[in-house]
Amino acid sequence: MGTVFTLDVRDLDPAAAAVDEVVAGWQWVDDTFSTYRPDSQITRLANGSLLLDECAPEVRHVLDLCQQAATASGGYFTDHPGGRLDPSGMVKGWSVEVASNLLLRAGSEHHCITAGGDVQCVGVPGPGDAWRIGIVDPSDRHRLLAVASPSAQHARLAVATSGTAERGPHIIDPVAGTFASELASITVVGTDLTLVDWAATAAFAMGHNSRPWLDGLDGVDAYAVTPDGEYWCTDGFEALAQILTDPLGR
């Protein structure tokens with residue numbers, strides 16, 4: 001999927017079968033959903049050499065999630081950026097949440113998975129401790145602007161960021177048909193990475209109009225940074241994160 005996945009499991013043996021199953025699952029996802037592999041099901045579906053009914057059930061499920069996200073976002077999320085089938089904006093978060101649920105079924109109550117900056121945490125890293133996820137300044141990757149942690153009511157935390165810091169302008173506003181540019185980054189937090197990942201993509205495409213939309217979307221809050229260094233956050237964000245008045249640097 002063109003990024004680095006990291007698996008931190010605190011209560012299973014590294015050699016546990018569930019860990020191997022997670023890694024194998026991600027390889028299958030890459031083989032199946034890649035838009036770069038000519039033999040992937042997504043590539044073949046896009047070029048018409050494979051019918052949707054012939055695809056794996058997971059492909060049909062992800063495309064259904066994409067349609068739900070497109071409806072919920074008023075078209076700001078799309079699985080056809082640039083006019084060609086590409087559900088990548090849904091796949092990464094969904095695959096991490098699937099992996100986390102697999103670990104839960106295997107008995108792991110304390111783990112953290114990161115995928116290209118998106119994070120799903122469960123439980124705690126150690127007794128009396130909590131997972132702490134830094135939100136990076138998009139203009140300086142060595143500075144933290146805020147730190148998110150699970151709330152007292154939830155043992156899960158999901159964090160996803162969309163922006164231009166890593167790859168430059170690359171997120172298309174499908175409504176306007178141009179690259180989104182009103183924000184430098186937006187970080188969405190909640191409990192499930194499938195939701196917060198696609199919501200971050202849609203919110204970045206919306207720009208400043210995403211604030212009231214996010215306030216009305218159940219289960220998420222967000223922190224946005226503008227290209228000139230200003231920021232805003234949704235009403236419930238500070239219940240899940242500490243905004244640093246003196247950003248941490250090197």
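The values are calculated or read from the model by the stated rules, or taken from the named source; none is laboratory data. From a predicted model like this one, the values you see are computed outputs, not experimental measurements. Ideal geometry is used to build each Cβ from the backbone, glycine not excepted, and the neighbour counts take in all protein chains shown. Heavy atoms of the whole protein, side chains included, go into the accessibility calculation; ligands, DNA and RNA do not. Shrake-Rupley method; radii C 1.70, N 1.55, O 1.52, S 1.80 Å.
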For the stretch 34-95: accessible area per residue (Å², 1.4 Å): 51
List the residues whose amide H sits under 5 Å from the amide H of Asp192, counting only those 5 or more places along or on another chain, with H placed 1.01 Å from N in the peptide plane. Ala158
For the stretch 58-74, Karplus couplings with θ = phi - 60° (6.51, -1.76, 1.60), whole Hz, Gly/Pro x: 5, 5, 5, 5, 5, 5, 5, 4, 4, 5, 5, 5, 4, 5, 5, 9, x
Which cross-chain or sequence-distant (5 or more) residues have an amide H under 5 Å from the amide H of Ser185, H modelled 1.01 Å from N in plane? Val225
Along the stretch 48-54, what does the Karplus equation 6.51 cos²θ - 1.76 cosθ + 1.60 (θ = phi - 60°) give for ³J(HN,Hα), rounded to whole Hz, x for Gly and Pro? x, 8, 9, 8, 4, 5, 8
Mean separation of Cα pairs under 8 Å and 6+ residues apart, divided by the residue count of the stretch 33-178: what relative contact order is that in percent? 16
If you take every residue apart from Gly126 with its C-beta less than 13 Å away from the C-beta of Gly126, what net charge results, scoring Lys and Arg +1 and Asp and Glu -1? -2
In the stretch 1-114, carbon and sulfur make up what percent of the accessible area (probe 1.4 Å)? 52
Listed by chain and number, the residues whose amide H is under 5 Å from that of Val136, excluding neighbours fewer than 5 places away on the same chain and using placed H, are Leu145
In whole Å, how far is the Cα centre of the stretch 2-49 from that of the stretch 52-112? 12
Output ordering of 38-46, 15-23, 113-121 (per-residue mean of other Cβ within 10 Å, highest first) is 113-121, 38-46, 15-23
5 Å-binned pair-distance histogram of the chain (Cα, whole percent): 1, 6, 13, 17, 19, 17, 13, 8, 4, 1, 0
